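Read through the structure below, which is laid out as structure tokens, and then see the notes.
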Amino acid sequence: MTTPDRTTTCGHQPPCPTPDGLNREAARIVASHPEQGWSLLCNGIVVFEDTGELLPDGRVVAPHRPTTPTAA
């Protein structure tokens, strides 16, 4: 049995960025659960409201929102 490649599930054009791409968060949302604080993207990434991510291969990306205030 083979495992389907989650990065090729996009049926839209242009296709979503791959999970390894720098712009991976630009993929379309396919399931949104704001009450639980997460969304599933078309490329298989789970993004959390704190900006952390769970990649399809199980790797974790730590939250990466800015931590220092910016001058207005």
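The values are calculated or read from the model by the stated rules, or taken from the named source; none is laboratory data. Just so it is clear, the model here is predicted, and its values are computed rather than measured. Heads up, the Cβs are rebuilt from the backbone with ideal geometry, glycines too, and the neighbour counts pull from every protein chain shown. These area figures cover heavy atoms from the full protein model, side chains too; ligands, DNA and RNA do not enter into them. Shrake-Rupley method; radii C 1.70, N 1.55, O 1.52, S 1.80 Å.
Residue 22 meets all of the listed conditions (1) open to solvent by 100 Å² or more (accessible area, probe 1.4 Å); (2) at pLDDT 95 or above; (3) not β-branched (Val, Ile, Thr) but one, namely (2). Restricting attention to segment 36-45, the residues being under 18 Å from residue 20 (Cβ atoms) and open to solvent by 30 Å² or more (accessible area, probe 1.4 Å) number 1. Restricting the first member to segment 48-60 and to residues that are within 19 Å of residue 30 (Cβ to Cβ) and of a type in the set (Phe, Trp, Tyr), and the second to residues that are open to solvent by 50 Å² or more (accessible area, probe 1.4 Å) and modelled with pLDDT of 95 or more, the beta-carbon pairs closer than 6 Å and six or more apart or on different chains are 48/38.
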